[in-house]
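A short worksheet on the structure shown next.
None of the figures in this text is laboratory data; all of them are computed from the coordinates on show. A quick note: this is a predicted structure, and the numbers were derived from the prediction, not measured. Cβ placement follows ideal geometry from the backbone for every residue including glycine, while neighbour counts extend to all protein chains displayed.
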């Protein structure tokens with residue numbers, strides 16, 4: 001009865017617990033088989049008399065069509081308890097691997113297979129099912145199955161990229177698994193766009209929206225190429241990612257990346273590189289080739305440690321892309 005009184009001012013919950021109390025009392029009395037009906041009634045009446053008159057409870061009973069509101073504080077408390085029950089704590093420091101695999105558009109040849117391997121330091125904050133992550137690029141390397149050129153991304157490229165804030169959300173799947181979803185997030189590199197989804201990238205190093213994040217003296221991010229087509233280029237780039245995955249039995253987060261990339265060359269010392277070699281998702285490719293994996297690491301790990309231990313953290317992927325993990 002004391003539990004019922006605790007919820008006296010909480011509308012719906014109050015009457016719900018009162019109903020359970022009365023029902024439980026009747027059930028208990030009927031289950032004994034020995035107790036008399038008179039004794040049972042007396043026991044129930046005594047319980048009510050210990051607190052206050054039973055009529056006072058039913059005076060506040062709302063009509064069936066009356067709207068009953070649960071106070072915000074109580075709703076938040078119950079939501080917190082429910083969330084704590086279902087969702088693991090994933091706050092802290094993680095290393096995230098992302099692999100894009102698709103096709104490239106290099107000059108003068110049919111599109112070959114191309115890929116990008118990214119390793120990031122990620123700090124995760126959590127509020128119930130809602131996640132906010134802060135992503136810092138530690139390693140970014142690309143590869144291409146082409147006899148014409150070999151793209152080279154210097155370390156200065158990754159170091160020049162800003163920390164990117166990304167939201168995500170946890171939910172419960174049909175089999176009770178914890179699902180992880182990050183909606184599409186755009187990253188714009190070495191230029192400013194008001195609407196990354198729709199605004200085109202600038203194509204001139206003198207455009208007012210471009211800048212020089214890696215301090216080479218020329219607006220854009222420096223990348224190189226070796227092989228038949230060799231040279232240097234300064235580029236702008238926009239990339240979107242959407243992550244859809246789950247938390248596995250080892251506590252890692254893994255799944256599929258849906259991605260898009262566009263780039264423009266602002267400057268180059270080789271005219272054959274003027275159109276760049278942007279990578280795009282292959283509509284005929286296997287979506288499972290573009291993946292992400294989160295692994296929790298010690299909070300003291302910075303990008304230097306993460307770069308050194310990338311192959312150790314992701315041995316299966318390092319075996320597939322050995323050059324990109326060196």
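Estimated at 0.36 nm per residue, the fully extended path between residue 148 and residue 129 surpasses their Cα-Cα distance by 2.1 nm. In a fully extended conformation the segment linking residue 242 and residue 181 would gain 21.2 nm over its present Cα-Cα distance, using 0.36 nm per residue. In nm, to one decimal, how far is the residue 302 label point from the residue 262 one, both placed 7 Å along Cα→Cβ? Between residue 302 and residue 262, the simple spin-label model gives 3.7 nm.
Between residue 286 and residue 211, full extension at 0.36 nm per residue minus the direct alpha carbon distance yields a gain of 23.4 nm.
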